[in-house]
1. Run down Trp86, Trp141, Trp120 and say which single residue is free of Cβ contacts under 8 Å to residues at least 40 places away in the same chain and of a type in the set (Phe, Trp, Tyr).
2. Inside the range 27-82, can you point out the residues that are more than 24 Å from Thr126 (Cα to Cα) and among the basic types (Lys, Arg)?
3. Residues Val161, Val102, Val95: which one is in contact (Cβ under 8 Å) with a residue 12 or more places away in the chain and open to solvent by less than 30 Å² (accessible area, probe 1.4 Å)?
4. If you go through the range 119-134 one residue at a time, do you hit one that is over 18 Å from Ser79 (Cα atoms), among the hydrophobic types (A, V, I, L, M, F, W, C), part of a helix (DSSP H, G or I) and open to solvent by 60 Å² or more (accessible area, probe 1.4 Å)?
5. Name every residue in the range 129-151 that is of a type in the set (S, T, N, Q) and modelled with pLDDT of 95 or more, in order of residue number.
6. Could you check how many residues of the range 135-158 are under 17 Å from the mean Cα position of the chain (by Cα), open to solvent by 50 Å² or more (accessible area, probe 1.4 Å) and under 17 Å from Ser105 (Cβ atoms)?
7. Mind counting the residues in the range 30-72 that are assigned to a loop (DSSP other than H, G, I, E, B), open to solvent by less than 30 Å² (accessible area, probe 1.4 Å) and among the hydroxyl-bearing types (Ser, Thr, Tyr)?
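The values are calculated or read from the model by the stated rules, or taken from the named source; none is laboratory data. Everything numeric in this text was worked out from a predicted model, so none of it was measured. Methodologically, a virtual Cβ is constructed for each residue, glycine included, from the backbone with ideal geometry; neighbour enumeration extends over all protein chains shown. Surface areas here come from the heavy atoms of the whole protein model, side chains and all, with no ligands, DNA or RNA. Shrake-Rupley method; radii C 1.70, N 1.55, O 1.52, S 1.80 Å.
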Amino acid sequence: MTDWIALLRTAHSEFTARVDAVTDWEAPTPDTEWSVRDLVAHVTEEQQWVPLLLSGKTPADCTLAPLGDDLAAEWRRLSAEALTAWEAADLKGDVHLSSDTVPASEYLTEQVGDVTIHSWDLARATGTDESLDDSLVSAVWTVFEPQADVLQASGLYAAAVAVPDDAPLRIRLLALTGRDAA
C-alpha cells in the first residue's frame, strides 16, 4: 500500500528546496500566466486550506488570511501546518472541496500531485535541478495517467505534450500535464 503521507512529506521537501533557490521572485515559470511569486503563492495558499478542510469545514465556511510578504517563510509555516493536519487526518473521512466532496485520501493524492508538478515548475523557473523523487513520480503517475482525458478536459493543465512512449516516466508525467521537460 502506498504511504501517501510520506510521499506528501517528500513532495513538500522537494518544493522547499526549490523555494530556497529562488533569487528572482518575478521570473517567469512554465505556467505562462504566473511568475515565481504567483506559483509559490498558489502552492502556499493551497496548504492554508488543508487544516480547514480536513477539520470538516467547507470552502464557504473559510476565510484565508492574506499571505505575508516573505513567501519562503509563509511556505515553511503553512507546509508544516498542512503536514501536521494530514498526519492527524482520518483518510477515510470526507473533505468538502469547492467543486465536490471527496474522500480525504483522494484529496491527499491530489495534494501530492499538485506539489510534485509545481516543484518541477519552480525548478525550471529557478534554473535548478529538475529531477523529482522517483517514488513521487511513480505514485503521481498511477493517479494521473488513468485520468488523462479528465485532466485534459478540466482545463487545469495545458494540452499534453507529445513524447515517445519509452521516455522516462518523469518526462511522460510532466508531458501529461502540458509541460515540455525534454
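1. Numbers: Trp86 fails: free of Cβ contacts under 8 Å to residues at least 40 places away in the same chain; Trp120 fails: free of Cβ contacts under 8 Å to residues at least 40 places away in the same chain.
Just one listed residue meets the conditions, Trp141.
2. Lys57, the sole residue that qualifies.
3. Details: Val161 fails: open to solvent by less than 30 Å² (accessible area, probe 1.4 Å); Val102 fails: in contact (Cβ under 8 Å) with a residue 12 or more places away in the chain.
Going through Val161, Val102, Val95 in turn, just one is in contact (Cβ under 8 Å) with a residue 12 or more places away in the chain and open to solvent by less than 30 Å² (accessible area, probe 1.4 Å): Val95.
4. Within the range 119-134, not a single residue is over 18 Å from Ser79 (Cα atoms), among the hydrophobic types (A, V, I, L, M, F, W, C), part of a helix (DSSP H, G or I) and open to solvent by 60 Å² or more (accessible area, probe 1.4 Å).
5. Step one: of the range 129-151, the residues of a type in the set (S, T, N, Q) are 131, 135, 138, 142, 147.
If the condition is that a residue be of a type in the set (S, T, N, Q) and modelled with pLDDT of 95 or more, then Ser131, Ser135, Ser138, Thr142 are the ones that fit.
6. Number satisfying all stated conditions: 2.
7. Final tally of qualifying residues: 0.
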